[in-house]
Every structure is written in structure tokens, then in C-alpha cells.
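Before any comments, here is the structure.
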Amino acid sequence: MKRTLSLAATACLMALVARSETAADFAIGAEAYDSGDYAAAYGEWITLARDGHAAAQIAIANMYRQGEGRRPDPAEAARWYRLAARAGNQVAQINLAELYELGAGVNRNLPLAWAWYDRAAASGHQWGRKQAARLAAEMPAGALREGRRLRRLPLARQ
């Protein structure tokens, strides 16, 4: 029994250390970004993003979307936003919805845009709620029905 508790305690400690190292790495990237060193920021964030760190995924997506330190690539931005959005990140869900609404880097798809806005709204994000309501008012009834159908699909299918 003591050995199990010791292993559990060790696992918790390792998780806390890893989380603090991840936060430190993200902060280093943020400092580089804020100073205009986009290459260094990208270097710090890309490993975190590949490991599933949602804030880093969004930061990388933003760099591709805005062309900061990279050639603008809205399709690559959409790919990174989608990873974080599927993990439940509201900011990524809204950004991905915007890309679908505009047809930037993805095929324009208003039902899917609405579904992502609505997902963020369902998690309590006020801007997501406003955008979902606005888009619903602008969409034909058939497109909104399709958006509601898409909204019910598992995240991995969107």
C-alpha cells in the first residue's frame, strides 16, 4: 500500500513539474513574441502545440493567420485552430468559426461556422453566443438546420 501511494505521489509531482515547465516554455515564447522575435516564439510554441497545448496551438494558428514570422497560411491556421477547438477551447472554436464563415483557409461553410460558434456559446462564451445568434439570423432555414445537425456530431468529425 505504501508503495502505491509513493508511486501516485511521484506521478502527481511529475505532472506538476511538467505543467510548470510547459507554462515556463509558453511564457518564454510569449516574451519572444511580444518583443517581435517571431522565430523564437514559434520555436518555443511549436513543440508545445504538437504536444496538445491548446494555448500554443492557438498562438501558432494566429501566427499563420496574421503572417507573423511566417508566410500567411490560413489553411495551416485552420488546422491548428481545429486541434484546439476539438479539445474544447472556446477561443479556438470562435476563430475556427470565423474562418469557416469567411472561407479563409477552408471552404466557406456557414452551417459549420454556426456549429462552432454555438459550441463556444454552449460553454458560456458570450461572443460565441452573439456570433451564433447573428449568423443564425442571417442564414436560410435549411442552412441553420444543417448547422444544428453538425453541432450534434462528435468533435472529431468536424
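Just so you know, all these numbers are worked out from the coordinates, no wet-lab data involved. Computed from a predicted model, the values in this text were never measured in an experiment. Cβ placement follows ideal geometry from the backbone for every residue including glycine, while neighbour counts extend to all protein chains displayed.
Gly142 sits among other residues whose Cβ lies under 12 Å from its own Cβ, and their net charge, with Lys and Arg +1 and Asp and Glu -1, is +2.
Among residues other than Ala92 with Cβ under 9 Å from its Cβ, the summed charge is +2 (Lys and Arg +1, Asp and Glu -1).
In a DSSP loop and with at most 13 other Cβ atoms within 10 Å, the trypsin sites (Lys or Arg not before Pro) in the range 108-158 are Arg108.
Each label was represented as a point 7 Å from its Cα along the Cα-to-Cβ direction; for Thr22 and Arg71 these points are 3.2 nm apart. Summing +1 for each Lys or Arg and -1 for each Asp or Glu among the other residues whose beta-carbon sits under 15 angstrom from that of Pro74 gives +1.
Between Leu102 and Glu31, the modelled labels are 3.2 nm apart [label points 7 Å from Cα along Cα→Cβ].
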